[in-house]
Structures are given as structure tokens and as C-alpha cells.
Amino acid sequence: MSRIESILWDDWHVVAEIARLRRQGRMTTTLLGESLRLRRDANDGRIEVDRKRAAADGSVYQPVGAVELRYGFVWVCLGTPVRPIVDFAECAEPKRLTASAGSVRVAVSGLRAVENFLDLSHLAFVHAGYLGEQPHTEIHPYTVEPLAHGGIIATGCRVYQPKASPVAAAGFDVDYIYSVLRPYIVVLYKANPIEPRRKDMIALFVQPVSEETCVAHILTCYLPHDADPHAIRRFQQFIFGQDRPILENQLPKRLPLSPRAEFSVRADKSSAAYRRYLAAAGVRYGAIAEA
Ligand SMILES: [Fe+2]
């Protein structure tokens, strides 16, 4: 039995970009405090993931519970998978550009990274000139609801953005939908600048390295209009680069789940709903539980 709650231990987590692992041949990383060794077999190209186990006569490596390749990433379940990897129908649409936009290591709880991704109020300040702009700082009312199988969805979000995506030629009011699908997985759908009735998708798969460190893996699934995969990747890395120092300065580094914590400064509806969901689901890893 693991000391880590089943909702995390028996679920799927991204641990690497496939392209990077294929290039390097081998990598090491950490998931939920467990040391992992990733290898591409030189003969058949298969990807193997082993976990370091302490043994009486030194440490040994054993295969992890389960490994799958999806959306350009290596997914690992340390325990026994109790649910499938999150499914995104958009990624199966042939004309969309589905691509990894990179992996960024951040010295903060992954739950903080998810919460920041949900937070509309930071856009005009942290991403000024891109995902927001003063004086457009007011957050218009939106709806947050629980999802039937766990998680939350925020609909009716609308934000003025000067440069919503790499293909945006001018600013516009961007319609957004956010959804937390798993404790460490969040996705947003935002109106495409050229075809505003349809939405681009950006998912954040956060790898909990330790309780206070994570790697944020970014998946983008854009409508094809003039979009250049390299420009999308550069844009997302640039945006996340603006979030990173903000995230790393947050204290405490773990996310407090008490409804009273921090809300004088971060009165955000989706953030509150996210914390309630984590508390109700019994997520402790990366969190500070209610007193
Ligand atoms: Fe941000």
C-alpha cells in the first residue's frame, strides 16, 4: 500500500515529452516522490519506465504499474489505474494542430500551478499586453459547477485580450471555458481569433514531483488557421515564463484548502471551487488540509 492517496497514486500522470525521450534515449524524473528511470529501447523503440525501490542489498529498478503514450507525452500510473487517461475529442480531429508546447519545472505545489491556470484575475497584470490589459481588469460573472465524475467546470468566462494567441491580429473579448478534470489536470477552451465560434484547447498536465515542486506539461490543440506549431510552442513557453516567478513566490508552497485561507486577496470563484473539490476528494499531496 502506498502512503499517497489513491486518487493520485492510482491515476495517470504525465512524466515526459515523448519527442524529448526519443531524442535523449533515457531520462530520469520524479513522480509523487518516486524516482523514475525512462528508457527508449534501442532495438524496438519501445518506452520503458522503471521505479527505484529500496532493497536490503541496495536499490533496484522495477517496472511501474502502467505506461501509456498519448498526446505526445509519456503517461505513468504508479499503482493500479482506476480510470482511463483523460480523453480529448478535439485531439482526434484531423485538421487540428495537436502538439506538446513543452514542460516547465516550477518550485511550487502542482496544485498552485493548476489554480493559477484557472485564475482570470491575474491575466491583465501578469500577462499584460497578451492575455489581458489594464484597465480591463474587472472579472465578469461566470458559472462554476461540479462535474459528474469529479472536477469542476467554469463556463461563460469572458476576458478582453490584446493578443489571445499567436494568430491573433487584434484584441477581442475572448470566451473561455475552464475545466479541472483531475486534481493535477486542467484544460481551457478559448475562442479562436479567426473563427470565434470554435475554440482552441490548451491543457496543463501537472506532474507532482514532490509536494512543493512540479513540472507543468503543456498540450495545445489549435484550429489550423495560419498557426505555426513552433510559434504556438514559443507563445506558450513565453506565457508560462511569466507565471513561473509569480508561482515560485507564493507562500506557503503547498495549497491551503481551508476556505478561510488567502481569500481576502484571491477572491476567485473558480479557485474556491477548485479547493472545495480537492478537499472533498481527499487530496492531501501538495495541499495543506483544513484544520
Ligand atoms: Fe498565467
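Based on the inverse mean of 1/r over its pairs of different Cα atoms, what is the Kirkwood hydrodynamic radius of the range 193-291, in Å?
So the Kirkwood estimate lands at 15.9 Å.
What number does the range 52-204 give for Rg over Rh if you use C-alpha atoms and the Kirkwood radius?
1.04
From the alpha carbon gyration tensor of the range 46-89, can you work out the equivalent ellipsoid semi-axes (sqrt of 5 times each eigenvalue) and give them in Å, largest to smallest?
So the three semi-axes of the range 46-89 are 27, 12, 6 Å.
Tally up the carbon and sulfur contribution to the accessible surface of the range 194-280 as a whole percent, 1.4 Å probe, everything protein left in place.
Here it works out to 54 percent.
Over the Cα atoms of the range 58-134, compute the convex hull volume and normalise it per residue, giving Å³.
Output value, Cα hull per residue: 176 Å³.
Restricted to Cα positions, what overall size does the chain have along the principal axes? Three whole-Å values, descending.
64, 49, 34
Report D for the range 167-251 in µm² per second (integer): Stokes-Einstein, Kirkwood Rh on Cα pairs, 4 °C, 1.567 mPa s.
It comes out at roughly 91 µm²/s.
Highest mean first, what order results for 58-67, 148-157, 101-110 on Cβ atoms within 10 Å?
Most protected by this proxy first, the peptides run 101-110, 148-157, 58-67.
Can you pull the one-decimal nm distance between simple spin-label points at ALA169 and ALA92, each 7 Å off the Cα toward Cβ?
3.5
Straight distance only, please: which lysines reach the Cα of LYS199 with their own Cα at less than 28 Å, same-chain residues fewer than 8 apart left out?
LYS95, LYS163, LYS190, LYS269
Quick one: of the DSSP bridges fully inside the range 116-224, what percent are antiparallel, nearest 5?
The antiparallel proportion sits near 95 percent.
Report the antiparallel proportion of the DSSP beta bridges in the chain as a percent, rounded to a multiple of 5.
Here the antiparallel bridges make up roughly 95 percent for the chain.
Which residue fluctuates most in the GNM of the chain (Cα springs below 10 Å): LEU204, LEU123, LEU147?
For the chain, modelled as a Gaussian network with Cα springs under 10 Å, the answer is LEU147.
Per residue, how much accessible area does the range 218-260 show when a 1.4 Å probe rolls over the protein heavy atoms, in square angstrom?
In whole numbers, the range 218-260 has 51 Å² accessible per residue.
FRET efficiency for ALA148 and GLU290, Cβ-Cβ distance as r, R0 = 30 Å, nearest 0.05?
0.75
Taking a quarter of the surface of the Cα convex hull of the range 1-130, what do you get in nm²?
11.4
In Å², and per residue, what accessible area does the range 1-100 have when probed at 1.4 Å with the other protein chains present?
55
Would you calculate the separation in nanometres between label points at ARG197 and ALA56, each defined as 7 Å from the Cα along the Cα-to-beta-carbon direction?
Placing both labels 7 Å beyond Cα along the Cβ direction yields 7.0 nm.
Place a +1 charge on the Cβ of each Lys and Arg in the chain and a -1 charge on the Cβ of each Asp and Glu, then give the dipole magnitude about the Cα centre in debye, rounded to the nearest 20.
500
The values are calculated or read from the model by the stated rules, or taken from the named source; none is laboratory data. Computed from a predicted structure; not experimentally measured. Cβ coordinates were reconstructed from backbone atoms using ideal geometry, including for glycine residues, and neighbour counts include every protein chain displayed. To get the accessible areas, we keep the full protein, side chains included, count just its heavy atoms, and leave off ligands, DNA and RNA. Shrake-Rupley method; radii C 1.70, N 1.55, O 1.52, S 1.80 Å.
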